[in-house]
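Below is one structure, written out as structure tokens; comments come after it.
Every read-out reported here was derived from the displayed coordinates using simple, explicitly stated rules and does not represent laboratory data. Just so we're clear, the structure is a prediction, and the values are computed from it rather than from any experiment. Note that each Cβ is placed from the backbone with ideal geometry, even for glycine, and that neighbours are counted across all protein chains shown.
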Amino acid sequence: MHRLAIFFAVLLAAALAQPACAVDFVAGNVKVSAPWTRVTPKGATVGAGYMSITNTGGAPDRLLGGAAEVASDFEIHEMRMDNGVMRMRQITNGLEIKPGQSVELKPGSSHLMFVGLKKPFVQGEHVKATLTFEKAGKVEVDFSVESIGAQRPGSTGGGPGMPGMGGMKHGH
Ligand SMILES: [Cu+2]
């Protein structure tokens, strides 16, 4: 009985630590977890990408940028308040991931941006991209395409999207 209880406790802990839907991509000391993006409306020229990046090493690393076949440019963006309006801005000097820490790229926060889409993102499909880190080098990742209102990977959506995302102006 006691042994069985421990068995289930271990199972539960494992289930909590590792959601079934999560996909990790690892290179060196960098782990990229569950990259996802959203369906893009007809005619959209940009799409946002989200993920969690963990630095398992002992030194800081930086996400410098990347490339995707489906877009002419692939940028790192951050959100900044500007006169009470949330605007996104390109990060050109890289996104730092401190040793032992994780950085969440999520709606309303820092994100990746596919710019100049060659074809729309379709729900259920995957978008391939390569991320480039200063130390860990290149990491091939696979973004799962979620519904247009999704706030996280694997959710069916329904919530509001990133405010003003569709009409947001890029300052470059
Ligand atoms: Cu953006």
Listed by chain and number, the aspartates and glutamates with an alpha carbon less than 14 angstrom from that of residue 119, same-chain partners under 8 positions apart left out, are 69, 73
Would you work out if region 52-133 is rounded, prolate or oblate? Take a ≥ b ≥ c from the square roots of the eigenvalues of the alpha-carbon gyration tensor; rounded if a/c is under 1.5, else prolate when a/b is larger than b/c, oblate otherwise. oblate
Arranged by the count of other C-beta atoms within 10 angstrom, fewest first, what order do 130, 37 take? 130, 37
